[in-house]
Amino acid sequence: MKKVFITTPIYYVNARPHIGHAYTTIACDTWARYQRLQGREVKFLTGTDEHGDKIVKAAAAEGKTPAAYCDEISGAFKNTWAKLGLTPDDFIRTTEGRHKKVVQQILQKIYDAGDIYAGEYSGKYCFGCERYLTDKELNDKGECEIHLTVPQVISEKNYFFRMQKYLPIWKDMLLKNRSYVEPQGYCNEVLGTIDELIKNGEDLSISRPKTRLEWGIEIPFDTDYVTYVWFDALINYVTAIGYPSTGSGQVDFDSFNDWWSVSHHMIAKDILKPHGVYWPTMLIAMGLPVYKRLSVHGYWLGFADQKMSKSLGNAKDPVELAGKIGNDALRFFLMREMNFGSDARFSEEIMVNRLNANLANDLGNLVQRTLSMLKKYECGPNPDSAAHASAAGIDASLKTMHADYQKYFENFEFHNAIEAVSVVIRSLNKVVDDYKPWSLAKENMADCALLLNTLFRAISAVLIYLRPVLPEKTEALLGLLQVTSASALPQSLGEIGFPAQKLDTWPMLFARMELDKPA
Ligand code: MSP
């Protein structure tokens, strides 16, 4: 069975989960469900990034120990994903023993190979980014462009990873296979950053003295130092799939390689440099292949088109929002509204308009009126009904949807995959409008029954395609109607199966929403 491994960034525990974190995690959950639907074995990983200065500061601000604070916020992330109905296969925390062991083993391995050395470092450090920034990364006020704070100038002894040795190798690999980083705009950005780093000639600082920071993983060859958070955090992706650790008993290289060879990372553009540049060079130094793919999305912008984030105070709580509109509606909005790769605006008005148009009007209306008429005219669902004259056209649209949907999902174009389904939904509403079953019921009941049963099959097919995006609503309705399909993604109405039944009641899919107040 084909495997796929999909990861979210591991989130910092200095902030509670907001819509931005929820987007990436929901996108990975949606993709994982799409892959499972295709019969693939999926490992979906998320987790929390718990070491570093800013975690210590956040804990102190709340009068808690770093460990207690991390437990609390990491738990909040885990609970949020559970409340939103997301089903990761693993949740990794960088403070876990399994991770610490792997980080130390990798540090030792790279050190033994001569690719880690000691030196002096002085630079402008942004505590928000947990890394030194170059002047190019500052705005005209000298502030970090992401956190809008002036970085602190710091000078200290450091261990360095010989990134310069691996940058040209990675650049060459990327030029030969640009699909490592998608969409392509971000691949260009990575190539630009590689060139800039090669020009600067700098290596990557990977340590912090314990005198300044204790909350980290100790460097195995110098216990006065802890590992720099990015070197620690990025390694989570290999810890979780059993990076072959020589320390304990059986070493399962095959299992590790099986997952690593199909690894897909999803991130937003804020952390492109660590994932697009640091991590591949680390992997090459470790003697591992580079990930299969890095998929990069844009930002959710809140008020005044600024990136939604805790530090800017404009973040939305996803659980609160889902409590108002439902998990599926939240998922649908996030997945459909953002063009993967570009920024998207978030406001209640945008959300309500999108949900009313696509869910209440298009899908909700189609399902509601078709089922209501089947019930009213007592003509089905009847599995023995022959096909209506509209069936050939619907079959053709299912085939087109099937091809588009797969192409877009494989390419992480969630918005386009969903739109491919919406096109069919709108065409089915047009079939209803054109053939007018309410008139047919008076003139030709037999034809009306054929039409409504054909539409029932078509709706079933559409709901099957929407399973990754609307898992709760589709499972409820498909379960109630006892719909089956001959293949995972049906390409013709004939593939749909269901028992003869008399409709009684069914759950309302999506009601129209009123705008509370514009955000
Ligand atoms: N801990 C690091 C990642 C280490 S991965 C080895 C980190 N954490 S974070 O909590 O800041 O999360 C950043 C990620 O959260 C983004 O890359 C993105 O996935 C998500 N988002 C946070 N805010 C977002 C928006 N406003 N818009 C879109 N995604 C956002 O960086």
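The table below lists the values:
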| quantity | calculated |
| --- | --- |
| Equivalent ellipsoid semi-axes, the chain, via Cα gyration tensor eigenvalues times 5, rooted, Å | 49, 24, 20 |
| Protein accessible area in the chain, 1.4 Å probe - carbon and sulfur % | 50 |
| Overall form of the stretch 1-118 per C-alpha gyration tensor (a/c, 1.5; a/b vs b/c) | oblate |
| Helix 184-200 vs. the chain, principal-axis angle (Cα, 0 to 90°, nearest 10) | 0 |
| Cysteines in the chain that, by Cβ-Cβ distance, have no pairing candidate under 4.7 Å | Cys28, Cys70, Cys187, Cys379, Cys448 |
| Leading residue at positive end of dipole, the stretch 348-497 (Cβ point charges), from Tyr405, Met373, Ser487 | Met373 |
| Span from the the stretch 85-164 Cα centroid across to the the stretch 357-397 one, whole angstrom | 56 |
| Given charges at beta-carbon only (K, R positive; D, E negative), |dipole| of the chain in Debye | 600 |
| Rounded tilt (10° steps) of 66-83 against the dominant C-alpha axis of the chain | 20 |
| Cleavage-rule hits (trypsin sites (Lys or Arg not before Pro)) in the stretch 57-144: DSSP loop, at most 16 neighbouring Cβ within 10 angstrom | Lys64, Lys141 |
| Rounded to 10°, Cα long-axis angle of helix 163-176 versus longest principal axis of the chain | 30 |
| Cut-off under 5 Å, modelled amide H: who pairs with Tyr228 long-range | Ser207, Arg208 |
| Largest-first ordering by accessible area, 1.4 Å probe, given options Lys54, Lys324, Lys171 | Lys324, Lys171, Lys54 |
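The values are calculated or read from the model by the stated rules, or taken from the named source; none is laboratory data. This structure is a prediction, so every number in the text was calculated from the model and none was measured. When we count neighbours, we look across all protein chains shown, and the Cβ atoms used for this are built from the backbone with ideal geometry, even at glycine. Side chains are part of the model used for accessible areas, which takes the heavy atoms of the whole protein and leaves out ligands, DNA and RNA. Shrake-Rupley method; radii C 1.70, N 1.55, O 1.52, S 1.80 Å.
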